[in-house]
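Trainee: Okay, here's the structure, questions in a sec.
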Amino acid sequence: MTVDLTDNGILTGRRSTQQAPEDYIVVEADTREVQAYRQLRREVFVREQGLFSVSDRDLVDDDPRTVVLVARTPAGDVLGGVRVHPAPEVMQTERDLGWWRGSRLAVQADARGSIGPAGAGVGAALVRAACARAEAVGALRFDATIQAQNERLFTRLGWTSRERVTVHGHPHVVVDWPIARVQRLVDATKASLGALLAGLSGPGSGAVQGFVGDDGAPVPGSDLVAACDAILPAMVERDPEWAGWCAVLVNVNDLSAMGASPVGLLDAVGARDPSFARRVMSGLRSAAEAWGVPVLGGHTQLGVPAALSVTALGRADRPVPGGGASPGERLRLTADLGGGWRPGYAGGQWDSSSHRTSDELRALGTVVPALAPTAAKDVSMSGLVGTAGMLAEASGCRAVLDVAAVPTPGGVTTGDWFTCFPGFAMITAEPAGVPPATSDLPPFVESRPCGGLVEGSGVGLRWPDGVVTEAVTSTVTGMGTA
């Protein structure tokens, strides 16, 4: 395959046998260092390699999001540099899709192939720093196009080769850096559940069958649905009013995912003293009033570390399972994109609820009944991608999400949105070609198809160029199919 990728590929010069300076650090370049780096690029790509006739400058250099990293000696000499930036294929999109690229890796001739004090050459150190920077800005995909002779270096550093191409007559390789942000979140929040909960459900347990890993549990012999959530103790300690509010929010959302109407709440509160307990109760009371759900009772324990859990009861004639979908069905995200990051939780908790009226909050309970999905999950601790994986796992499928199609708030990175707690967001499955009644949804939510279910397991992310990267490599919970 022959393509012109020179303007966004990683290109390096010939290897040198000379000894490099022993001491250097890799830093984000200042104005002087950027100019020195660009001069080095001209030396390597124009004069030495002849890949460009006059200049290797391109639009990436002018993009304000582009970061230049340089290897600098204590005396201030620039030994090499590399760019980290959004992939040019998506630079013109309205939002950050989380697809980033490394390019224009250039190293001085007398610093190539040498080993520094940390046991790594200048080029390897720059590559590692670029990977770290990409992950720090929230990238979910990071790739590069490198000269073929450097493939061994990149694979040794952990990159994987995807495609061989020709750039200006020179053989190159497209390589990918494996970003495990979503996998780490899934492993931390859900991966242990299968082993921990073995024997508590399934045939002979008395539980209603057909519901595995759901947001709520149908109560046998009735139309009741029960849900229960505990709030992280650190969050209760740090922000007790918000913890009380969220305890109601997450439980009402769980009932909504099952298509159930809330009936009432039971709370269990642990606090060091009455004053602290009042703050938790204040947030819980405000939320219960806002959603119009009574607190029926509960338990309070004083003189103990902060703790909060809430049980919710609702009613549904036909609860919607989280594992009722099939391969070939379409995935849809319906979310309230209003609001903003909760102060102190930027990138982790999206507050879509505290500014809403009671009527608006209660209207969110109509979303799942209006969509009439085959399966539904409330996006919560494992983020959008992990939750889609839970729905797929319970349905015996693999999920593939179209990154550019996912409804996302303005100004929010895809990496954060795909891994945060989003306030209100429902991932649902529906038969392909059968549009749901989206006209019946509350006017302030956005609802859009954003992927599908196929044979297999795990979760893939499909990018605008058609490439699918692995976000979750296998099952999320290990709890099996419904």
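Trainee: Quick one: order His170, His299, His85 by neighbouring beta-carbon count within 10 Å, fewest to most.
Mentor: Result, fewest neighbours first: His299, His170, His85.
Trainee: Can you find, among Ala287, Gly221, Val320, the residue farthest towards the positive end of the dipole of segment 215-320? Put +1 on the C-beta of Lys and Arg, -1 on that of Asp and Glu.
Mentor: Ala287
Trainee: Test of understanding: extend the Cα→C-beta vector of Arg315 to 7 Å, then name every residue of segment 216-258 with backbone N under 12 Å from that spot.
Mentor: 223-225
Trainee: To the nearest 0.05, how large is the calculated FRET efficiency for Ala132 and Gln35 if R₀ is 25 Å and r is the Cβ-Cβ distance?
Mentor: It comes out at approximately 0.55.
Trainee: From the C-alpha coordinates alone, can you work out the Kirkwood hydrodynamic radius of the chain, in Å?
Mentor: By the Kirkwood definition, the hydrodynamic radius is 24.7 Å.
Trainee: Along the charge dipole of segment 6-179, which of Gly158, Leu79, Val137 sits closest to the positive end, that is, farthest toward it, with unit charges on the beta carbon of Lys, Arg, Asp and Glu (+1, +1, -1, -1)?
Mentor: It is Gly158.
Trainee: Could you give the size of the charge dipole of segment 6-179 about its Cα centre, using +1 on the Cβ of each K and R and -1 on the Cβ of each D and E, expressed in debye and rounded to the nearest 20?
Mentor: For segment 6-179, the charge dipole is close to 400 debye.
Trainee: Using alpha carbons only, how many degrees (0 to 90, rounded to 10) separate the axis of helix 274-291 from the longest principal axis of the chain?
Mentor: Helix 274-291 sits at roughly 80 degrees to that axis.
Trainee: Ok, one more. Which residues does the label zone of Thr481 cover in segment 418-460, counting backbone N under 14 Å from a point 7 Å along Cα→Cβ?
Mentor: 454-458
Trainee: On a 0 to 90° scale, report how tilted helix 240-257 is relative to the longest principal axis of the chain, with both axes built from alpha carbons and the result rounded to the nearest 10.
Mentor: The angle comes out at about 80 degrees.
Trainee: What FRET efficiency, computed as 1/(1 + (r/R0)^6) with R0 = 41 Å and r the Cβ-Cβ distance, is obtained for Leu197 and Ser161, rounded to the nearest 0.05?
Mentor: It comes out at approximately 0.55.
Trainee: Does a label point 7 Å from the Cα of Asp23, set along Cα-to-beta-carbon, have any residues of segment 59-78 with amide nitrogen under 14 Å, and which are they?
Mentor: Taking a point 7 Å out along Cα→Cβ of Asp23, the residues of segment 59-78 whose backbone N falls under 14 Å are 72-77.
Values quoted throughout were computed directly from the atomic coordinates according to the rules given, and no laboratory measurement underlies them. These figures come from a predicted structure and were not determined experimentally. Neighbour counts are summed over all protein chains in view; Cβ atoms, including those assigned to glycine, are modelled from backbone coordinates with ideal geometry.
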